[in-house]
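The following block contains the structure, expressed as structure tokens.
The values are calculated or read from the model by the stated rules, or taken from the named source; none is laboratory data. Keep in mind that what you see is a predicted model, and the values were worked out from it rather than measured. Here the Cβ is made from the backbone with ideal geometry for all residues, glycine too, and neighbour counts use every protein chain on show.
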Amino acid sequence: MPSSSDGSIAFVSPLPGADGLRTRLVWLTVFRTVAVSLSLVAVAARILTQPLQEPSRADKLSFSVIGLVYLFTLVYGLMLRRGRVDRMAAVAQVVGDLLIASALVFLTGVGDSPFTFTYLLAVIGASILLERRGALMAAAAGGVAYGSLLVAVKFGWLVPPMSISSLSRHRTVFLLVSNLLAFFLIAALAGYLSRQLSAAGGRLSQREEDLKKLGELQQQILTYMPSGLITCNGAGLVTFVNRAASAILALDERLPASTHLESLLPGVLGPEVRQRRRELTVPTKAGLRTLGLTVTSLGANSGGTLVVFQDLTELRRAEDDLRRADRLAALGTLAAQLAHEIRNPLAAMRGSAQLLVQEPGADPTSTKLVEILLRESDRLSKLVEDFLRFARPPPPVKQVLALETLVKETVELLREDPLARSVAVELELASLQVPVDADQLRQVLINLLRNAFQAAGSMGKVRVGLRAEEEQVLLSIWDSAGSIPAADLRRIFEPFFSTREGGTGLGLSTAYSIVRAHGGTIRVSSSPGEGTEFMIQLPLRS
């Protein structure tokens, strides 16, 4: 590609392509139509201003030429609409313009004609369509046509309809030379201007293409960036939402034009808006989401606001799980030592109480007290066993089995429980082969199902679901009560935390430890409107 002296790239415009040529032809056709219409108006006005008499032969010929021009324009317009646009169509356009110019010059007196400039219009049209070479060829053709008319009229071969002054040899040569000079000068100037215009148009087209690509790239960046992005105007009305923001906030594909930013991110424009980086918990259709967001002003001129955010929900859950696991590990170590120290004195106390019961002639009152002591020591012993099971759960012995069969058997086992007799149970189980410890997972199901039956109560509903999603198995237990307060959801898997009277708070803690030992996670969500759901995620393969 050639370059200019200053090192910048010089654009050399080739002949226009099909689309550009079609556009130029259309505009020239429109220009011809307008020009001929004005000529028709001028001829009609001249006839109307004359006394009432029959139109002259010149007027009739003028109307005929104008009609032929209209017909030519119509036919050419249809060709442009339906036909293939190429250089031949442009040549036909120029030839037609030259014939029209020759007809007008002949009808208006050749040497005395005021319409000699129409040849110049044809030359300019040729420069637009065919560049400088086409303009020079049109100038030569126009000169030949005009010279032929002069010679034909001078020697009487053609007689114009209008009376004209005599054409001497000197006047004929002067008219021919002066008009030829004008034709070629206009051709050279118009060709140069057309070339410069084409070059400028090429550079402008290149800049427009670069700008379009840059705009598309910017749009792709905004659309596919992993962070959510929302902009709003000075009134707080949302002006743009990218794909990630719609996915994080579970928004509809089309938001109403009057959507306010506060309806999507409550509190984002509050007193803390000056804090550039902060966290915000917002409600969505998919539940509560914890967002880490940055709020930035778009400048004083626009008055708008830019909000960029990431979904930190899973990260915060993972951090909670890690903190909970650390607490449980420390508590488990302490609990194992404490339970071991309690078991020995408890066994001695229970043995002594049994000896007191077996003594002959024991006081009935003492016997009753000893029975109470035995019963409470048994309850305490069971509590210690549960505590030890929580503190030091045995490692799972995994075997690949039909998980849906294990779930069905556990549900049928608990159907005889008094808590489940008046509860409607629904099963939505997919057939899956999963490596798990059957005994440990059955214990998890029993703990969760008994809690669900008790929470749902009489005429309540419980639904158990099992499905695969990518490389995970999702086991859900839902009840219709939704009775767990939001403040208790963060502590529900902690040991000794229970909202039920008489509960030890170890059932869910044990379930949590077993699921974690299987390499899975357990989540819980609860609201009175949507119920309570425990979601267990287990790896589909070892």
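Within the bounds of segment 156-179, is there any residue that is exposed (fewer than 12 other Cβ atoms within 10 Å of the Cβ), part of a helix (DSSP H, G or I) and polar (S, T, N, Q)?
For segment 156-179, residues exposed (fewer than 12 other Cβ atoms within 10 Å of the Cβ), part of a helix (DSSP H, G or I) and polar (S, T, N, Q): present.
Further question: Mind listing whichever residues of segment 137-150 are under 14 Å from ALA182 (Cα atoms) and touching a Phe, Trp or Tyr at 6+ places or on another chain (Cβ under 7 Å)?
Once the filter is applied, which keeps residues that are under 14 Å from ALA182 (Cα atoms) and touching a Phe, Trp or Tyr at 6+ places or on another chain (Cβ under 7 Å), segment 137-150 yields ALA139, GLY142, GLY143, TYR146.
Same structure, new question: One residue is enough: does segment 203-225 have a residue meeting the conditions within 24 Å of ALA101 (Cα to Cα) and not polar (S, T, N, Q)?
No; the residues of segment 203-225 include none that is within 24 Å of ALA101 (Cα to Cα) and not polar (S, T, N, Q).
Would it be correct to say that LEU217 is among the hydrophobic types (A, V, I, L, M, F, W, C) and either within 30 Å of ILE124 (Cα to Cα) or part of a helix (DSSP H, G or I) (or both)?
Details: among the hydrophobic types (A, V, I, L, M, F, W, C): yes; either within 30 Å of ILE124 (Cα to Cα) or part of a helix (DSSP H, G or I) (or both): yes.
So LEU217 passes the test.
Another question, if that's okay. In segment 238-259, what count of residues is obtained for those that are within 10 Å of the chain's Cα centre (by Cα), under 19 Å from LEU306 (Cβ atoms) and not in a helix (DSSP H, G or I)?
Looking only at that region, the number is 2.
Does LEU71 satisfy the condition of being at pLDDT 85 or above, part of a helix (DSSP H, G or I) and on the phi < 0 side of the Ramachandran plot?
no
Strands (runs of 3 or more DSSP E) wholly in segment 429-500 with at least 2 residues that are under 41 Å from the mean Cα position of the chain (by Cα) and among the basic types (Lys, Arg) - which ones? If you could, list the steps in order and put the result at the bottom.
Working: elements: 433-436, 461-469, 472-479.
Ranges flagged: 461-469.
Need the failing condition index for GLY460 against (1) under 20 Å from ASP417 (Cα atoms); (2) touching a strand residue (DSSP E or B) at 6+ places or on another chain (Cβ under 9 Å); (3) surrounded by 20 or more Cβ atoms within 10 Å (Cβ to Cβ), just the number.
The single condition GLY460 does not satisfy is (3).
Same structure again: Any idea which of GLU530, GLU471, GLU494 is free of Cβ contacts under 8 Å to residues at least 60 places away in the same chain, out of contact with any Cys (no Cβ under 8 Å at 6 or more places or on another chain) and surrounded by fewer than 22 Cβ atoms within 10 Å (Cβ to Cβ)?
Answer to the check: GLU530.
Report, by residue number, each residue of segment 412-423 that is surrounded by 12 or more Cβ atoms within 10 Å (Cβ to Cβ) and either hydroxyl-bearing (Ser, Thr, Tyr) or more than 29 Å from PRO539 (Cα to Cα) (or both).
Once the filter is applied, which keeps residues that are surrounded by 12 or more Cβ atoms within 10 Å (Cβ to Cβ) and either hydroxyl-bearing (Ser, Thr, Tyr) or more than 29 Å from PRO539 (Cα to Cα) (or both), segment 412-423 yields ASP417, LEU419, ALA420, SER422, VAL423.
Determine if segment 77-92 includes at least one residue that is over 21 Å from ALA188 (Cα atoms), touching a Ser or Thr at 6+ places or on another chain (Cβ under 8 Å) and modelled with pLDDT under 85.
Scanning segment 77-92 turns up at least one residue that is over 21 Å from ALA188 (Cα atoms), touching a Ser or Thr at 6+ places or on another chain (Cβ under 8 Å) and modelled with pLDDT under 85.
Could you list, in sequence order, the residues of segment 200-249 that are in contact with a helix residue (DSSP H, G or I) (Cβ under 7 Å, 6 or more places away or on another chain) and either aromatic (Phe, Trp, Tyr) or over 19 Å from PRO266 (Cβ atoms) (or both)?
THR223, TYR224, MET225, PRO226, SER227, ASN242, ARG243
So, in segment 178-200, exactly how many residues are farther than 20 Å from LEU104 by Cα and more than 60 Å from the chain's Cα centre (by Cα)?
So the count comes out to 1.
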